[in-house]
Amino acid sequence: MIPVFVLDEGAMGDRAYGGASRWWLHHSLVSLRQGLRRLGSDLILRRGPWQQVLPDLARQTGAMAVHAGRMLEPWARRADAAVAEALRAEGVAIHGHDVALLHDPRTVRTRSDGPFAVYTPFSRAVLATVSPARPSDAPGALTAPALWPKGDALESWNLLPTAPDWAGGLRETWQPGEAGAARRLDRFLAEALAGYDRTRNSPGIAGTSMLSPHLRWGEISPHRR
């Protein structure tokens, strides 16, 4: 298995990462690479169009399949379709996984078979119909290829802010990565869960889980219990 992260800001258009997201992505990738190396693996970084980079990488490595997180935004579904078409042209299978979703929101419908427009009825329908799966345990080791393909140096992506350094508040508040997400969850369960229904709407109280960025970047599973 060859873990790879491809940065394709062109596919995102006007949704390209802002400064805070770029800061988080840098540190999240550092953490991910460290974790993979502890398992005997590594992380390959490539930059460019997904539909070009992934088929090229498959050709270079002889990969027969690509496994990727599935995205549901309209622009992302179009990008996924283009990647799938490019990979199939190379004889490479692609498998999408709901890595950052508790379930596919398109599967929960109103009684008239339409999408929900209000969150509370949607959440009630989810709780009534969806049974979250228990996540698999993390592997103790990963099998590395005999020869690693070349990748970019993370520093060459210039994701971190230059002078003036405005990211001090982010560094003081957040620790991107799986370990930071686990600590944030433990803190929420121990200190804020009991009063969550009352404090989550009070800006002056640290009453929310603060897990949103960790969930957004795939650093913790929404299935985690």
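The values are calculated or read from the model by the stated rules, or taken from the named source; none is laboratory data. No experiment lies behind these values; they were computed from the predicted model shown. Because the Cβ atoms are built from the backbone with ideal geometry, glycine has one as well, and the counts that use them run over all protein chains shown.
Could you say which residue among Leu185, Leu170, Leu189 is at pLDDT 90 or above and either under 19 Å from Leu29 (Cβ atoms) or hydroxyl-bearing (Ser, Thr, Tyr) (or both)?
Answer to the check: Leu170.
Taking the stated definitions as given, is Pro105 surrounded by 12 or more Cβ atoms within 10 Å (Cβ to Cβ) and more than 21 Å from the chain's Cα centre (by Cα)?
no
For segment 132-168, which positions are surrounded by 10 or more Cβ atoms within 10 Å (Cβ to Cβ), among the small types (Gly, Ala, Ser) and closer than 29 Å to His223 by Cβ?
Ala133, Ala144, listed by residue number.
Would you mention how many residues in segment 169-182 are exposed (fewer than 13 other Cβ atoms within 10 Å of the Cβ) and either in contact with a strand residue (DSSP E or B) (Cβ under 7 Å, 6 or more places away or on another chain) or of a type outside the set (S, T, N, Q) (or both)?
Number satisfying all stated conditions: 3.
Which of the helices (runs of 4 or more DSSP H) contained wholly in segment 117-225 include at least 3 residues that are among the β-branched types (Val, Ile, Thr)?
Those helices (runs of 4 or more DSSP H) span 119-129.
From Ala100, Ala89, Ala128, Ala138, which residue is hydrophobic (A, V, I, L, M, F, W, C), more than 18 Å from Leu72 (Cβ to Cβ) and touching a residue at least 24 places away in the same chain (Cβ under 8 Å)?
None of the others qualify; the one that does is Ala89.
Can you go through Asp14, Asp56 and tell me which one is charged (D, E, K, R) and under 22 Å from the mean Cα position of the chain (by Cα)?
Step by step, each of Asp14, Asp56 is checked, and only Asp14 is charged (D, E, K, R) and under 22 Å from the mean Cα position of the chain (by Cα).
Which of the residues that make up segment 151-171 are over 22 Å from the mean Cα position of the chain (by Cα) and either within 15 Å of Gln34 (Cβ to Cβ) or without any contact (Cβ under 8 Å) to a residue 12 or more places away in the chain (or both)?
Residues satisfying the conditions are Thr162, Ala163, Pro164, Asp165, Gly168, Gly169.
Suppose we keep only residues that are in a loop (DSSP other than H, G, I, E, B) and in contact (Cβ under 8 Å) with a residue 24 or more places away in the chain within segment 103-116. Which one would you say is nearest to Ser136 (Cα to Cα)?
His103
Scan segment 29-48 and tell me whether some residue there is of a type in the set (Ser, Thr, Tyr), surrounded by 15 or more Cβ atoms within 10 Å (Cβ to Cβ), over 19 Å from Trp148 (Cα atoms) and in contact with a Phe, Trp or Tyr (Cβ under 9 Å, 6 or more places away or on another chain).
Within segment 29-48, none of the residues are of a type in the set (Ser, Thr, Tyr), surrounded by 15 or more Cβ atoms within 10 Å (Cβ to Cβ), over 19 Å from Trp148 (Cα atoms) and in contact with a Phe, Trp or Tyr (Cβ under 9 Å, 6 or more places away or on another chain).
Test Gly91 against the stated conditions and say whether it is modelled with pLDDT of 90 or more and surrounded by fewer than 12 Cβ atoms within 10 Å (Cβ to Cβ).
yes
In the list Pro149, Pro161, which residue meets the criterion of being in contact with a helix residue (DSSP H, G or I) (Cβ under 8 Å, 6 or more places away or on another chain), modelled with pLDDT of 95 or more and over 21 Å from Ala100 (Cβ atoms)?
After ruling out the rest, the residue left standing is Pro149.
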